[in-house]
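Take a look at the structure below.
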Amino acid sequence: MNRLLTSTCLALLIFCGYARCLTFAAESAPVGTILKDCPTCPDVVVVPPGRFMMGSDAINQMRGGEARPEGPERAVTISYSFGVGRYEVTNEEFESFVKATGHKPAGRCGVGMDKPEIAEITFRGPLFGRNPQPREPVVCVNWIDSKAYASWLSAITGQRYRLLTEAEWEYAAKGGSGTKWPWGESDDQACEYENTFDLDSQAALPPGAELSWAPLTCHDGHGKIAPVGSYKPNAFGLYDMLGNVWEWAQDCSHKLYPAVPVDGSAVEVSGTCELRAVRGGSWYTRQDRHRPTFRGRDPELKAGHHFGFRIARDVQ
C-alpha cells in the first residue's frame, strides 16, 4: 500500500513539477495546505471550518442615491474545510484556459477612470497604455468567464473548482478576525496589506481624471494593478482579498440577505439572476468599499478594468 501511495505521489510530482505531493489526498488535506493540481492551476489554500458574523448594520450611500445595506448581520456556520485561491486568478492562468478551450471571453470592457467608458478590449488589453503582465490579476472578465474557467479546472483535474460563495468569501477575507479589517481597527495599515486608492494611485490617474473620494495618505507602491502577492497575507495565508481587483462570487445578490442559507452556501434563484455578488474593492476604489462586509452587486455580463475573480475548490 505504501509503495502504491509513493508511486502515485511520484507520478503526480512528475506531472506537477513540484517537490511536495500536495494534492494526492485532497479529502484529508489539513488546514493550511497549499494545493496545486496541475502546473498552470492556481495555488489553493485549505481554510478551516468556523463560525462568524456575516454582514453589518451599515448602510452605504451609492452613486445615484441608492442606499445599499450590508446586512442584516447574522451568524453563519461553515462546517467544512474548503480551498481558497491563494491569489486572484492571474493573466497567465486565464490565458492557459483560453488557449486550451477556445473560450471567447468578454470583448468589451469598462476602462473609464472617471466615467464608464466601454471599449473593444479583452483581458489581454491594452489597458492604460500597456499590456497586462502575466502575474497581475486578470481583469475585463465577467461572471460567465469566471464560471467557465472554474468548470475547465474541474474537467482537467477531476477536482471540483467553483467560485466562492459570498459567505465563504467574507469568512476567508476576515481570516478569523472580528475587527473592522483583518489586521485591526485602523485604516492606517491598509497599504501594508492591500492595493488601494492611495497617494500612488492618485498620482497615476490620467490627466483630467478626478475621483470624488480622497486617497489614503500612504503609499502601497503601485499606482494601478499590482502583481498578485505584493502585500502581506491575512491570517489564513490569502493575499489581496481586499483591494487590487473586485472578485466575482457565486451568489445572486439580494438587497437584503435572506433568512437562509446560513451554512456557507450560495444564495440562488430559480429564474434569471439580475445581479451577482462582487467583493473586496480595487486599487482605485474608495477605502470604505474594501471592508469585508461591503457588498458589491453587478450584472453577470459586466466586465471592467478592475473586475477579476478568485477560485474555490472543494476538499471534502
Rounded to the nearest 0.05, what FRET efficiency do LYS104 and PHE128 have when you use their Cβ-Cβ distance and R0 = 25 Å?
0.60
What size of dipole, in debye to the nearest 20, comes out for the chain about its Cα centre when the only charges are +1 on Lys and Arg C-beta atoms and -1 on Asp and Glu C-beta atoms?
660
In the neighbourhood of VAL228 defined by beta carbon distances under 15 Å, the net charge of the other residues (Lys, Arg +1; Asp, Glu -1) is -4
Which order do peptides 48-55, 239-246 fall in by mean Cβ count within 10 Å, highest first?
239-246, 48-55
Note, ³J(HN,Hα) from phi for the stretch 106-120, Karplus 6.51, -1.76, 1.60, rounded to Hz, x at Gly and Pro
3, x, 10, 9, x, 10, x, 7, 10, 7, x, 5, 10, 10, 7
Starting from the 7 Å offset along Cα-to-Cβ, what nm value, one decimal, do you get for the label separation of SER270 and GLU95?
4.6
Distance from a point 7 Å along Cα→Cβ of SER154 to each backbone N in the stretch 242-263: keep the residues under 15 Å and list them by number.
250-251
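For the stretch 159-225, what is the Kirkwood estimate of the hydrodynamic radius, computed as the reciprocal of the mean inverse distance between distinct Cα atoms, to one decimal in Å? Intermediate results must be reported in sequence, preceding the final value.
Details: mean 1/r = 0.0707 Å⁻¹.
Result for the stretch 159-225, one decimal place: 14.1 Å.
Laboratory data are not the source of any read-out in this text; all were calculated from the coordinates shown. Quantities reported herein were computed from a predicted structural model and do not represent experimental measurements. Reconstructed Cβ throughout: ideal geometry from the backbone, glycine too, with neighbour counts over all protein chains shown.
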